[in-house]
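A.B. asks: The following block contains the structure, expressed as structure tokens.
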Amino acid sequence: MIVFILPLALNAQTKLAENIVEDLTTKMGERYLAQTDLGMLFVAEELSRSGSGGLDIDKTMTELKGDPAALDAALKFYYQYSDCNRQQLIANLKTLGIKENNVFPVATYTVNKFKGEAKTLLEDKAALIKSGGMPVLPPPGSAKVKPAPTPTTSDNDNNTSAEPASATTTNTTTPGTVAEPGTATPSAAKPAEDGYNWDVRTLFKLRKPEQLEELYGKEHVTSHSATDLQGNDAGTAYYVFPDTDNEMEVIFDGENGTTITFTKEHSKWKSPFGIKVGDPLDKVIKVNGRPFKINGFEWENGGTVDSWEGGAMAGKGVGVLFKANNTGDPKLYDQVTGGKKIKTDMPVLKKLDVVVEKISFKSN
């Protein structure tokens, strides 16, 4: 009987108990802040690379308990770091320092949830190793402990954001670097041949226009008044590479954060979540992990996201303005205009060819 019960118990782990989540997320946050755990550095890099870590990776890594979607993504990448091998994952969890009786539930939950993605995860990791994108630990004695971010009390869908002994695994010593967000180029985003780093993640810690000029040259930065996605006055914005496909709008608001907006297609910029101007609605739904709601077109706040409906981009400081390219048929277009909330899984939206017109990211 025991022989049959054990496999059933292993396969039944579909949710982690609150006390296990508390233990796990506390240890993950502590190890990440210490900057000496290769597994947590890998997880943080992959969360940033995928967009699952939001715009403030320090905040995300230390507040995983309050963000179930980010915690699941972190466990997926820890499974990837462990070569999608259950025994290696167990060994790494023990090294992480979580309580002994929590190790097996976490391992079982993780394997059950992500074993179907193992092939893709292993291929992606192999590509990282080949490209030199794997993180490495700082030289002994040089690791700088990160200060814990100031906790926030609440987030809403559209205006807030989220960017010890090493765990052992195979293929984790490939040369690379782990950059302090906002101060150095991440290992996975080396400068292009033109000398510029096109990874947007490096810019969210900037607080002054002079920093933009230092990075891109005074001749490539101008300023003038701007509006937000809803068309309201947003004050003075700074434009990098104005009037080109690579135009980027930056609004500084002191310690309240920096907002970066894109309105041009065919840009070189690598944005969080991989979403760009011109992307179809279906892609945004896929990245969010579920349909969401937008405001009806041709109305107040028309075409902007009303709610991410608890998806991956909820509370991550992402704002999107959509437009419909095919508006010639009033019978179709009228279904999604006016003062109504539109669910993005409506079939008519595909016929209208709805795409991203403008996208903004706000850090804090």
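The values are calculated or read from the model by the stated rules, or taken from the named source; none is laboratory data. Since the structure is predicted, the reported quantities are computational estimates derived from the model, not experimental observations. All Cβ positions, even for glycine, are placed from backbone atoms using ideal geometry, and neighbour counts span all protein chains on display.
Table: residues versus (1) surrounded by fewer than 20 Cβ atoms within 10 Å (Cβ to Cβ); (2) in contact with a Lys or Arg (Cβ under 8 Å, 6 or more places away or on another chain); (3) of a type outside the set (Val, Ile, Thr).
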| position | (1), (2), (3) |
| --- | --- |
| Glu46 | no, no, yes |
| Gly54 | no, yes, yes |
| Thr60 | no, no, no |
| Tyr78 | no, no, yes |
| Tyr81 | no, yes, yes |
| Gln87 | yes, no, yes |
| Ala91 | yes, no, yes |
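A.B. asks: Name the single residue, out of those in the range 15-68 being outside any helix (DSSP H, G or I), modelled with pLDDT of 85 or more and more than 20 Å from the chain's Cα centre (by Cα), that is farthest from Met313 (Cα to Cα).
C.D. replies: Only one residue fits best here, namely Asp37.
A.B. asks: Something else now. Would you be able to tell me the number of residues in the range 204-234 that are touching a strand residue (DSSP E or B) at 6+ places or on another chain (Cβ under 8 Å), in a helix (DSSP H, G or I) and either loosely packed, with under 14 Cβ neighbours inside 10 Å or modelled with pLDDT under 80 (or both)?
C.D. replies: 0
A.B. asks: Right, something else. Just to be sure I understand the filter: pairs with C-beta atoms under 9 Å, separated by 6 or more residues or on different chains, first member in the range 95-121 and within 19 Å of Ala70 (Cβ to Cβ) and outside the structural domain of Gln80 (by TED's automatic domain parsing), second member loosely packed, with under 13 Cβ neighbours inside 10 Å and hydrophobic (A, V, I, L, M, F, W, C). Which pairs pass?
C.D. replies: Within 9 Å, no pair qualifies.
A.B. asks: Looking only at the range 311-339, count every residue that is loosely packed, with under 15 Cβ neighbours inside 10 Å, assigned to a loop (DSSP other than H, G, I, E, B) and of a type in the set (D, E, K, R) and tell me the total.
C.D. replies: Residues meeting the conditions: 1.
A.B. asks: On to the next question. For the range 278-297, give me the residue count where each residue is part of a loop (DSSP other than H, G, I, E, B) and closer than 19 Å to Thr263 by Cα.
C.D. replies: Selection size over the range 278-297: 2.
A.B. asks: Follow-up question, since we're still on this one. Within the range 343-361, can you find the residues that are surrounded by fewer than 23 Cβ atoms within 10 Å (Cβ to Cβ) and in a strand (DSSP E or B)?
C.D. replies: Answer for the range 343-361, where residues must be surrounded by fewer than 23 Cβ atoms within 10 Å (Cβ to Cβ) and in a strand (DSSP E or B): Lys343, Val355, Val356, Glu357, Lys358, Ser360.
A.B. asks: A follow-up question, please. Mind counting the residues in the range 194-218 that are among the aliphatic types (A, V, I, L, M) and more than 22 Å from the chain's Cα centre (by Cα)?
C.D. replies: Qualifying residue count for the region: 2.
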